[in-house]
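Note sheet for the following structure.
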Amino acid sequence: MLARATEAKVAMPVTEPVLTKRIPTAPWGDPKNRRTVGVDDFIATGGYKSLEKALDITPADLVNLVKDANLRGRGGAGFPCGLKWSFLAPPDGGRRYLCINCDEAEPGTFKDRLLCDYDPHLIMEGIAIACWACQLDTAYFFIRGEYHHQAKVVEKAIQEAYAKGIFGKQGLMNGKVKFAVDCYLHRGAGAYICGEETGLLEAVEGRRGWPRLKPPFPAVKGLFGRPTIINNVETLAAVGPIVDKGVAWWKSLGCESSIGGAPSYGPKLMGVSGHVNRPGVFECDLGIPLRKLVEDYCGGMRGGKKFKGAIAGGVSMGILGTDQFDAPMDFDIGRKFDVMGLGTACPTIFDEDTDMVAVARNIARFFKNESCGQCTPCREGAGWIYKIISRIERGDATTKDLDLLLEIAGSMGIIPGTTICGLSDGNNWAIRTIVNKFRGEFEARVKPYSVAVSSVGVSAGVQLSVLR
Amino acid sequence: MSWTTKPSATTKIPTRAEPYCTQAMKDRWTKELLPRYATKQGALLPILHEIQHAYRHIPYQAMVEIASFLSIKPADVMDTVTFYEEFHTEPVGKCVIGICQSIACEVCGHQKLLDHVRNRLGIEPHETTDDGKFTLLALECLGSCDTAPVALFNETLHEKLTIETVDRLIDEASRADGGSGHH
Ligand SMILES: Cc1cc2nc3c(=O)[nH]c(=O)nc-3n(C[C@H](O)[C@H](O)[C@H](O)COP(=O)(O)O)c2cc1C
Ligand code: SF4
Ligand code: FES
């Protein structure tokens, strides 16, 4: 275990670092001491032991193990990883793919970067285990274009893994099993939508990142028309520790659902940004209350200011209100606190001086810029939402615009059934939750709605169609 | 894509005798990239990155050359090029400044950085200075929200940026290029 940082006025969490075992992180270590762990250091500290162990287990048993652990996806949707793996048909002799999702373009999110920067072999080990468990022969590590430094670190780690015989045609782990895996880095080129799993597949195929209609699901017909599993970096990084320490250990971390839903087991990387004293990535048990995360890990609110609200976990999830500071950060959060979900578990914190209309405008601009343009409700809706919020911010809007805003936002997404992918649901939830939870602030910025007819002011209740 | 298929069109793409995709590049792509993907088009993104890096844009002629190398239509290449923000059909400046404008950076003061660079260089986001030295971009979240505000100067991320640091970086970039620094 790493030396405990001296600065830490941090409450000791109940667990030891798992994903950050080799990455000094408060309260166990000082981020100043971080450096990239190369393959030799990785092996010297127990690395690739989990892979060795995994190769003694049959693929089917491994899938069941991950299923039993109830490892839920760390990329945003929280989908059970083992269940996803079990959707694959048995191998038919053709190619089968793993795509590692390191697009990490959701505003507020910067957790996968930590693993790429400092412990890339933890990801490589997870990749190798996943490929064995699912019998996938080729892995594409998809990394966003803006991660220049990380792309270099990951490429080096891939080459080191080849050199150590993890990947390559001799078979996994120097031919311990005959099954051979190739792993390639594939860089994105600046498009948030390529984080959506089927947009990602298009990007690997060299096309514009337009998400595909599902079904067929990627496990059936994915990359180059073949069975494909797409997993987030952090999800894969968790697979090694689960194999190593077992299902019971994994389930001792995190929490059960308090509302009869699926449990939230395991540790989770949480990246906190915004108005706190020590922003950064921390490893916490799922279920930690947001207030505790801010006060114990981040040194509290910056300048001793009051908490006003927080992006729940990437802007797509929507916003937690002033009275929701005690929300536990687990997969129940969506149903309990009127946000879309836990998302990436990377909250951006706002203090009392924050202009929520400006926050809404910023988020609306993001979705307008990043809509891929395929679905009319998303493309046009995102543009209109941005225009209306800008109007509110300038003071040129009326009360009617607020209703229009909510109506447009509420109609967009897979959940309302109007779009191909979930980008639009993100826009929907972000805008609706911020307007609903900070309605007073929006109302204060808009004028009462009235229409001038001749020289007489007519109130909003009048049927315009009749007047026309 | 009218620019390649209309036989009698007045639209002409600028061409030069020397190819953009050199034989050395193509040999390397054949050896290293093509075997990685089930289709030739799979190699398109890495190829475009290389061309963008080498020429600071993807010239139309290069798109035609890449298309013939990958046995796909020039229109397919153009389709991909125009979708991704990191590929440009006009040359970008030698120093591309990409300031993050997403939420964590906005609430931590990105606007004063953006305004400072606009004033100093006299360009708006997505414009390039007349001398071709600087391009200013306003980008979405760069995945470094804990050290906001941040910006990319070409491929290097700079964190916890202040106006002083931005000025220093612009000075360095101008000097590296033998320029006057746009004051
Ligand atoms: C618009 C959009 C953007 C997304 N961006 C990312 C991303 O950057 N990284 C990621 O891992 N998942 C992202 N996802 C979720 C993926 O579609 C997918 O669910 C995930 O990669 C699956 O991995 P997991 O099950 O391991 O979490 C995004 C989804 C949507 C709709
Ligand atoms: S919802 Fe938006 S981003 Fe998703 S496919 Fe449709 S237009 Fe593209
Ligand atoms: S918001 Fe600027 S780096 Fe994330």
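Quick rundown of the values:
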read-out: Residues located in region B:42-72, provided they are within 14 Å of chain A (Cβ to nearest Cβ), over 15 Å from the mean Cα position of the chain (by Cα) and open to solvent by 10 Å² or more (accessible area, probe 1.4 Å); value: B:69, B:71, B:72
read-out: Residues of region A:366-398 satisfying the condition of being out of contact with any Gly (no Cβ under 6 Å at 6 or more places or on another chain), assigned to a helix (DSSP H, G or I), within 16 Å of ligand 1 (Cβ to nearest atom) and within 14 Å of chain B (Cβ to nearest Cβ); value: A:366, A:367, A:369, A:370, A:382
read-out: Region A:415-446: number of residues that are open to solvent by less than 10 Å² (accessible area, probe 1.4 Å), β-branched (Val, Ile, Thr) and more than 16 Å from ligand 2 (Cβ to nearest atom); value: 3
read-out: Out of B:146, B:115, sole residue that is exposed (fewer than 15 other Cβ atoms within 10 Å of the Cβ) and either at pLDDT below 95 or away from ligand 1 (no atom under 16 Å from the Cβ) (or both); value: B:115
read-out: Number of the condition not met by residue A:412 [criteria: (1) part of a helix (DSSP H, G or I); (2) away from ligand 3 (no atom under 16 Å from the Cβ); (3) touching a residue at least 24 places away in the same chain (Cβ under 8 Å)]; value: (1)
read-out: Any chance residue A:203 is more than 16 Å from ligand 3 (Cβ to nearest atom), touching a Gly at 6+ places or on another chain (Cβ under 9 Å), among the small types (Gly, Ala, Ser) and within 14 Å of another protein chain (Cβ to nearest Cβ); value: yes
read-out: Subset of region A:164-182 (residues that are open to solvent by less than 40 Å² (accessible area, probe 1.4 Å) and not aliphatic (A, V, I, L, M)); value: A:165, A:167, A:168, A:171, A:175
read-out: Residue satisfying all of: in region A:139-156; among the aliphatic types (A, V, I, L, M) and part of a strand (DSSP E or B); nearest to residue A:125 (Cα to Cα) among these; value: A:139
read-out: Residue list for region A:67-93, filter: more than 10 Å from ligand 1 (Cβ to nearest atom), open to solvent by 30 Å² or more (accessible area, probe 1.4 Å) and part of a loop (DSSP other than H, G, I, E, B); value: A:70, A:87, A:89, A:90, A:91, A:92, A:93
read-out: Residue in region A:215-225 that is among the charged types (D, E, K, R), within 16 Å of ligand 2 (Cβ to nearest atom) and farther than 22 Å from residue A:158 by Cβ present; value: no
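Condition check ((1) among the small types (Gly, Ala, Ser); (2) away from chain A (no Cβ under 14 Å); (3) in a strand (DSSP E or B)) across all residues:
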residue: B:81; (1), (2), (3): no, no, no
residue: B:90; (1), (2), (3): no, yes, no
residue: B:93; (1), (2), (3): yes, yes, no
residue: B:112; (1), (2), (3): no, yes, no
residue: B:161; (1), (2), (3): no, yes, no
residue: B:166; (1), (2), (3): no, yes, no
residue: B:172; (1), (2), (3): no, yes, no
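The values are calculated or read from the model by the stated rules, or taken from the named source; none is laboratory data. Just so you know, these numbers come straight off a predicted model, no measurement behind them. All Cβ positions, even for glycine, are placed from backbone atoms using ideal geometry, and neighbour counts span all protein chains on display. Please note that ligands, DNA and RNA were not included when accessible areas were found on the heavy atoms of the full protein model with its side chains. Shrake-Rupley method; radii C 1.70, N 1.55, O 1.52, S 1.80 Å.
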